Amino acid sequence: MSDLHEALRDDVRILGESLGRTMEAHLGSPFLARVEHIRKLAKSARLAEDASQEPLRQALDDLDENEVLPTARAFTQFLNLANIAEEHHRVRRHLQTAGDEDAEQLDQLFAELKASGLSPEAVLECVQNLSIDLVLTAHPTEVNRRTLIQKYDAIAATLKQRDRGEPVQSRLDQLISQIWHTNEIRQHRPTPVEEAKWGFAVIENSLWTALPQYLRLLDKRMQSELGVGLPLTCSPIHFSSWMGGDRDGNPNVTAAVTSEVLLLARWMAADLYARDVDQLRGELSMYAANAELRHLTDSHPEPYRELLGRLRSRLLETRNGIEAYLKGTPTDPERWISDLDEILVPLQVCHRSLIESGMSCIASGALEDLLRRIACFGLTLVRVDVRQNADRHAEVFDALTDFYQLGHYSDWEEERKQAFLLQELQSRRPLLPHNWQPDANVAEVINTCRVIAANPEYSLGSYVISMASQPSDVLAVNLLLQEVGVEHNMRVVPLFETLDDLDNAPGCIGALLAIDWYRTYVDGHQEVMIGYSDSSKDAGQLAAAWGQYRAQAALTELCEREGVRLTLFHGRGGTVGRGGGPSHTAILAQPPGSVGGSLRVTEQGEMIRFKFGIPEIAVRNLTLYTTAVLKATLTPGPEPDAAWRELMDSMAHCGMKIYRSLVREEPQFVPYFRALTPEQELAKLPLGSRPAKRKADGGVESLRAIPWIFAWTQTRLMLPAWLGSGAALKMAVEDEQLTLLHEMYRDWPFFQSWIDMLEMVLAKSDVNICSYYERRLVSAELRVLGSSLRSRLQQAVEQVKAIKQESRLLAGNGVIRQSIEVRNPYIDPLHVLQAELLFRDRNQPDQRLEQALMVTMAGISAGMRNTG
Ligand code: PGA
């Protein structure tokens, strides 16, 4: 272990030195010396616990205008290089244990399940029916440009070579120099199609390799522990995507974009399969074959190659056909492969023939990998979800009821809306008027539904309705889909994302399930999406977390009573304020019974890269998902005690009151937020295709959850993740509930993970840095609020320490603590520069300074390892 740490330090050192040489070659030794001087000052200020950091500030103040940008870049790039070294370190550990950790994790779980009295058949049945759907989204939280990510990946690959003793210095120098001379800030926002291509690239570059490795491992462990393997047609994990399908508040995602992305997914799948089949053709040169294969190939001397050659031609015909279609060339879509069996069957024929001809060892190689890929990726790699805001559907019905002079739909009571929608759902007459010319917004919603109608069911996932609250929100989408002729019963999924809506979710779903028409439509399966970040923004993290828990528990109970299978779809982000945290812990912290073998969860922005960007790490995360879902399904934890629930109710109420009284009612709050944080400036950072606000002219209420959290993170106040929690915990302690809190922490996975996540955020907060921003940027009259917020932050820290019975935060988690401490000397100069640049930019905007400001934002994000 200590050797491994030594190796990590060594990597960081050689990367840092190479960066130093690059900077020296470009800007000269005095510049490098200044950067080094600044780093040392930051480090000694930390060591001396010098909150004023005066010498550091002075040194940064003394920088020449021309040096500000390169200095910001130096620290930013160093943090990026440190991240690469850390990631590589994890890969190295994985390689050194030859993936044993993953195997051990599975073995341990199977042993636990057996010990709990479950038969191997019961476990096997559960594995075969698992449905874990990881939904890749284009949430704008990835700061790094794709071109830089590719260079970072290349550095990681070079570090791997270095571990094998190969000479790599000059390659590393080249890569680091390429990075230094490349602009780290995108010049333009990516388009939604570019975002979707990025998602496909993650599949191509990492998951394509990782998936068969993961399934192979699962198969082997099942064979050894349960005596039965995993069928080649079974994959517990699938992927879906919001890239190019999520149009909620993003006018750039149009019907045409979704249509293109749906085709690109099929194109990409055909291309990847064609490449695999081609390679397999090279390998399967054998002549011995069974009767079936001989018959199919007219006794060809190389029967495998012959059959695979035909398959390859069909795949290429499909790929080229889609490509031509996308370019506008007339082509016949009927000729494209649209039945998975067309790919699967010939490969299964080869597989059977190899086994029957005594070549099992060949059958179990690349051919089985390909069969396993097909089981997971199907004809489209991902199924694309569509997401739209409930208001946009209501607008369509407003236009329709106006047109028919029935009144204004939005003004109707819920009952009337439902009656109208149900009547239309059961009517034989079309509702959409012939030759109707609605306004552009309405037309866009309808055109999107038409795209759904025009595409095969296997291309599509769910239709998610954001800000859903009432049964009519769901029925409205059912009706729109029916009107445009969607033939399959697409899953229409309400996303409950305010505290009130979470509280009403069981009532809403209960009312829907009481409708005969709806019951027939859903056919025994209901999907519900839980919104983590917006509910936190609405009610504070504590009340939201408890609201999410209660809603899930009540929905589970309702669906059980109704005999309906429930899939919960978790809209989690990367950071704690957005429901982030280790997935394994999060799944096990869900209410007992709520997992039930199926789970959908969003994987967003930079988290996609962290969790799935490197095959070794991806295998690990796929295994973690599998074990957590299996465990939560087969051995759900105990129901929480009534006393725990009661205490949570009162703490959540207290937390919400405090949070809302400040965020919504305190007149100085918004001005303070705007002055202290780079919220306004952030909107200029071209992170993703969607705007930072739902409404262009809206205030903080229309600001999306991601920039809201991103802004607080940049100043290290981290307010959304803790505001209200400290006061609520304090109230409980003053009420003599500390013993009960200790018991909850020890025995209740939900509470334990909530406290642990809170602790992690608090450990990343920093009152000194925050007060520096305040002194530089906030007017005197707003500072009283700032100091009260900081004392609330301290209060939260004290309460968490009391519950965890530790004298300092993260006392039991040295790895995270160390990782934060090592980064601080590199992040601190970026904070000081950012505050200064914000000050100057607000007084006298200057493009050059703006560029440096954006670099500080990117650097702080890299240092904090999460963005929004
Ligand atoms: P949303 O997601 O704004 O797209 O609903 C928020 C988040 O992921 O934090």
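Only the coordinates and a few stated rules stand behind these numbers; no lab work does. This structure is a prediction, so every number in the text was calculated from the model and none was measured. Cβ placement follows ideal geometry from the backbone for every residue including glycine, while neighbour counts extend to all protein chains displayed.
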Work from the charge dipole of the chain (Cβ charges, +1 for Lys and Arg, -1 for Asp and Glu, about the Cα centre) and give the residue of Leu284, Gln388, Asn250 farthest towards its positive end. Leu284
With a ≥ b ≥ c from the Cα gyration tensor eigenvalues, square-rooted, and the rule rounded for a/c under 1.5, otherwise prolate when a/b > b/c and oblate otherwise, region 645-864 is prolate
Treat the count of other C-beta atoms within 10 Å as a stand-in for reagent exposure and order Lys537, Lys40 from fewest to most. Lys40, Lys537
FRET efficiency (Arg817, Arg561; Cβ distance; R0 45 Å; to 0.05) is 0.45
Relative to the Cα centre, what is the charge dipole magnitude of region 64-218, using +1 at the beta carbon of each Lys and Arg, -1 at the beta carbon of each Asp and Glu, and rounding to the nearest 20 debye? 480
Residues with amide H under 5 Å of Leu136's amide H, sequence separation 5 or more or different chain, H placed in the peptide plane at 1.01 Å from N; which? Ser240, Ser241, Trp242, Glu603
Where labels lie 7 Å past Cα in the beta-carbon direction, separation of Ser285 and Arg310 in nm: 2.3
What list of ³J(HN,Hα) couplings, whole Hz, do you get for region 289-299 from phi and the Karplus terms 6.51, -1.76, 1.60, once you set θ to phi - 60° and write x for glycine and proline? 8, 7, 4, 4, 5, 4, 4, 5, 10, 6, 6
Using modelled backbone amide H atoms (1.01 Å from N, in-plane), which distant-in-sequence or interchain residues come within less than 5 Å of Arg491's amide H? Tyr463
Which trypsin sites (Lys or Arg not before Pro) from region 541-631 combine a DSSP loop assignment with at most 16 other Cβ atoms within 10 Å? none
Reduced to Cα centres, the span from region 117-192 to region 725-768 in Å works out to 34
Between region 545-570 and region 423-467, what is the separation of their alpha carbon centroids in Å? 28
Hey, if you put +1 on the Cβ of every Lys and Arg and -1 on every Asp and Glu Cβ in region 248-334, which of Ser259, Tyr325, Ala274 ends up farthest toward the positive end of that dipole? Ala274
Placing unit charges on C-beta atoms (Lys and Arg positive, Asp and Glu negative, everything else neutral), compute the dipole magnitude of region 315-435 about its Cα centre in debye, rounded to 20. 300
Calculate, for Glu781 and Ser650, the FRET efficiency according to 1/(1 + (r/R0)^6) with r their C-beta to C-beta distance and R0 35 Å; round to the nearest 0.05. 0.50
On the formula 1/(1 + (r/R0)^6), with r taken between the Cβ atoms of Glu166 and His26 and R0 of 25 Å, the FRET efficiency rounded to 0.05 is 0.35
How much length is gained if the chain between Leu47 and Glu414 is pulled fully straight, taking 0.36 nm per residue apart and subtracting their Cα-Cα distance, in nm to one decimal? 126.0 nm
With unit charges on the beta carbons (Lys and Arg positive, Asp and Glu negative) and the dipole taken about the Cα centre of the chain, which residue among Cys376, Gly199, Ala82 sits farthest to the positive side? Ala82
Pairwise centroid distance, computed over Cα atoms, of region 815-846 with region 702-719, Å: 15
Extension gain from Tyr325 to Leu95, taking 0.36 nm per residue of separation minus the Cα-Cα distance: 78.4 nm
Given the pairs Lys114/Lys804; Lys730/Lys801; Lys417/Lys695; Lys631/Lys801, which span a C-alpha to C-alpha distance of over 21 angstrom in this model? Lys114/Lys804; Lys417/Lys695; Lys631/Lys801
Whole-Hz Karplus couplings 3J(HN,Hα) for region 166-173, θ = phi - 60° and coefficients 6.51, -1.76, 1.60, Gly and Pro as x, run 7, x, 10, 3, 5, 5, 4, 4
Based on Cβ point charges of +1 for Lys and Arg and -1 for Asp and Glu, what charge dipole magnitude is obtained for region 678-788 about its Cα centre, in debye rounded to the nearest 20? 740
Whether region 716-824 is rounded, prolate or oblate, judged on the alpha carbon gyration tensor where a/c under 1.5 counts as rounded: oblate
Starting from the Cα coordinates of the chain, work out the convex hull volume and express it per residue in Å³. 188
Okay, which of region 92-113 sit inside 18 Å, backbone N to the point 7 Å along the Cα-Cβ direction of Thr635? 102-113
As a check on your grasp of the helix formula, calculate [θ] at 222 nm for the chain: sum -39500 (n - 2.57) over DSSP H runs of n ≥ 4, divide by the residue count, round to the nearest 500. -21000 deg cm²/dmol
Cα gyration tensor, region 389-634 - rounded (a/c under 1.5), prolate or oblate: prolate
Can you tell me the length gained on complete extension of the stretch Asp735 to Arg808, counting 0.36 nm per residue apart and subtracting the Cα distance? 23.9 nm
Among Lys764, Lys43, Lys197, which comes first, then next, by fewest other beta-carbon atoms within 10 Å? Lys43, Lys197, Lys764
